[in-house]
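These notes concern the structure reproduced below.
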Amino acid sequence: MTYSMTAFARKEQSFDFGTLSVEIKSVNQRYLEPSFRLPETLRPIEMKLRELLKKQVKRGKLEVNAKFYANNDEQSLGVDSARLAAVTGALQTLSESVDNAAPINLVELLQYPGILISNEIDTEQVQAEMTKLFSNALDDFLAGREREGAVLAQAIEDRLVDIADIVQAIRLEVPEWVQSFRNNLKEKAFNLGVELNPERLEQEVVLLAQKADVAEELDRLDGHVKECRTILKQKGAVGRKLDFLMQEFNREANTLGSKSTKESITRNAVQLKVLIEQMREQVQNIE
């Protein structure tokens, strides 16, 4: 299965304690390069999230952006009425016993230990829910990479069909190409007024045919087409294998072009290079 390195996924969910959201996006990269942006509340689970990511993704530059918005009521402050009554009662008794006692300062009263009650957030619950949300986002992210990968694989397959057709067309032209050597030699001899020995003529034709023999290049191109199709069906990261294979494709196309002395074969060799370059561009996006 072919996976693209380009994808995006976003998940958001609300809870009693607040709202969690996470985004995962990636672009092409030779190796796996993940970066995480997490609020302090979620920082302790960064390594766990990284491990989840590495198990599923092998290549690409990824950005993970997680956010946590706490509910206002979760951060509100309450007052311990019983403790407040006890403290104010004690202060009232004290003020009655002291002449010219200063009035009670409410701000200072709030600072007395135990008067204010804060509703603290359960950070372990927040972290556990984010881990689940990240896993769900990662599933969507991988599904997106798979869909895009299928498009890339089809684009490559379309070009493999064209390459195979061109290779076959060149094979059919080779006998005519060899015959052109014979005709050219006869024409040159005629123009020079020289009579060629039939055996000598055939020897020269054989030598020229050997120098221009492209059977090996054509066989290799056919082999590369089969190998490319095999790799596209393999599991895991196949981008590097395909990238190497594109170099081999290009090498054979270059050799074919350099050997060609027939205009139509030269044009086909150029078209092969165009198709190979188009495949190479697609391969750059494959994991």
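No lab work stands behind these numbers, since they all come straight from the coordinates. Just so it is clear, the structure is predicted and the values come from calculations on it, not from any experiment. We place every Cβ from the backbone using ideal geometry, glycine too, and count neighbours over all the protein chains shown.
Each of D222 and Y31 was given a label point 7 Å from its Cα along the Cα-to-Cβ line. The distance between the two points is 4.1 nm.
Evaluate E = 1/(1 + (r/R0)^6) for K55 and V161, where r is the Cβ-Cβ distance and R0 equals 35 Å; express this FRET efficiency to the nearest 0.05. It comes to 0.50. In this structure the amide hydrogen of G18, modeled in the peptide plane, comes within under 5 Å of the amide hydrogens of N71, none closer than 5 places in sequence on its chain. Given the pairs K25/K67; K25/K132; K132/K235; K61/K241; K11/K54, which are separated by over 21 angstrom at their Cα positions? Table pairs above 21 Å Cα-Cα are K132/K235.
What is the gain in length, in nm to one decimal, between T230 and M1 on full extension, counting 0.36 nm per residue of separation less the C-alpha to C-alpha distance? Let's see the in-between values first.
Values: separation 229, 0.36 × 229 = 82.44 nm, distance 1.06 nm.
Gain on stretching T230 to M1: 81.4 nm.
Sequence-ordered 3J(HN,Hα) estimates for region 272-286 from the Karplus curve with 6.51, -1.76 and 1.60 and θ = phi - 60° stand at 4, 5, 5, 5, 5, 5, 5, 5, 4, 5, 5, 4, 4, 9, 8 Hz, glycine and proline given as x. Here, region 213-287 is characterised by an Rg to Rh ratio of 1.02, where Rg is the alpha-carbon radius of gyration and Rh the Kirkwood radius. Near the amide H of E33, within less than 5 Å, lie the amide hydrogens of G60, K61, L62, all on another chain or at least 5 residues away, with H placed in the peptide plane.
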